[in-house]
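Undergrad: Mind having a look at this structure? Questions to follow.
No value in this document is a laboratory result; all are computed from the given coordinates. Keep in mind it's a predicted model, so treat the numbers as computed, not measured. Neighbour counts are summed over all protein chains in view; Cβ atoms, including those assigned to glycine, are modelled from backbone coordinates with ideal geometry.
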Amino acid sequence: MSMADDLPDVSDYEYDDHYSSIPEEDWYPSDEQSDVQEFFGRIVDNSVDMGEAIALVFPDLVEHDVNDDEDMFDDGLDGDESEDSDASTNYEELTEPDVVLTVVEVPAEDRVNEVGEDMVSDDSADESYKATSDEESLAESDSEQMRYIVENVAEQSEAPVPPLEETALDRLLGADAKVKQGEKKRDASHWRLLELQEILRNTEREISEAEEAFQAISADLNNSQTERIAQITASGLSVELYESYRDFCESLHPEFGLREGLSITCDQPHNGSYFHYDPELYLFKENVEMDYSTCNFRCEAGKEPALWSRSRDGQFDDVVNFWPIKSPEPRIGFEKTWGEQYPVLYRLAIQAAKNASDAAREMLMRLPSPDSPLSGWMFEYQPEAPLAIIDEPSISRRWTFKEARKIEAPMIEEEKRQLVESLLAA
């Protein structure tokens, strides 16, 4: 079922045919009628199946006489009737149809007329716009002429353009242009070659300089290693003992740097050692807020720029910085003391000290007691030698381990010496 079956017939509505009542010869003035006929006779058509189309049919408009003293909705009321009466008005009985949408079938014609913007009825179109035989022949002639022009233009565009005859001078100019193009390519290639050769010479020179620097540094390193081994041997220590002591110092460095530190300003100069300034560690115990028995601490006694409100002696304050560090993890799983955690270190140090090695005895003085627990210790650091911190990016590693003391019951130097003597006598 098409859409036209659902819509009412156009004939059900009353409307004026503004064109059917006027003779065709009176539509336009006499001087324009021939031009209009010629226009409609020269319509260019195309054979296209348009399917269905929607035609708009406009019904007659009902004009209402509205007085200034009366409302348009009061039309039909008598003078003695009020607006509230039950009498029906013209407005209530008015049933103007809306614009009707009519779906019509558009046949597949050979030509589809292109008309102007004015809409006319179907009857007037059949009677007034029917082309005459002369007009049809004229339209066919124009169509044939247009088809001929299009075909000729297509044939001319597809036809190859014959080349111009090449003269001797043209060949000479072409050869000269080819030579110039080759010269430009050769010059570009030559400059690229020179550039790469310059880069190669610079690279070879840098490689030679780097090789010389590498050999010089390697020679200095070999000399330093030889000198260190000689000093280790002269100190009465073994290389194994020294490597064990260095591993112990490395284990005291925090893995992810220093954080959550505590800074204390000293009232008197500390002379580079917090243990000498406060042997009992009272200052630290009074200011620390965390449980120091569950971890270890690292302290550094140095000088920092003085605050403007506390500036004395010009520029610097004696400050001690404290950082908590994690206790060493047991290597096997059951180590509870420093002697159990580093057995090789203490064994070789005691053995070297018994052999009258002053370096080994000093090493035992700095290390924690071998039978003490792994937490609750304070490790004091001192600045590293200037040559060792030039290229060190980590500030914490610019300090080296100096001495360890128990925070709860720190031993003074004399007590620690007696402990070392007892270890050597065992």
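Undergrad: Which entries of 354/402; 285/326; 285/354 have Cα-Cα distances beyond 27 Å here?
TA: 285/354
Undergrad: Now for a different question. So, counting K/R as plus one and D/E as minus one, what does the shell of residues with Cβ under 15 Å around residue 228 add up to?
TA: Details: positive: 246; negative: 220, 227, 240, 243.
Here the count lands on -3.
Undergrad: What's the exposure ranking of 365, 378, going from fewest to most Cβ atoms within 10 Å?
TA: 365, 378
Undergrad: Ok, one more. Among 214, 182, 226, flag the residue with its Cα farthest along the positive direction of the charge dipole of the stretch 173-234, charges on Cβ as +1 for Lys/Arg and -1 for Asp/Glu.
TA: 182
Undergrad: For 337, 233, what ranking results if the residue with the fewest other Cβ atoms within 10 Å of its Cβ goes first? Intermediate values should be presented prior to the final figure.
TA: Working: 337 15, 233 12.
So the ranking, lowest neighbour count to highest, is 233, 337.
Undergrad: What is the order of 289, 183, fewest Cβ neighbours within 10 Å to most?
TA: Neighbour counts put them in this order, fewest first: 289, 183.
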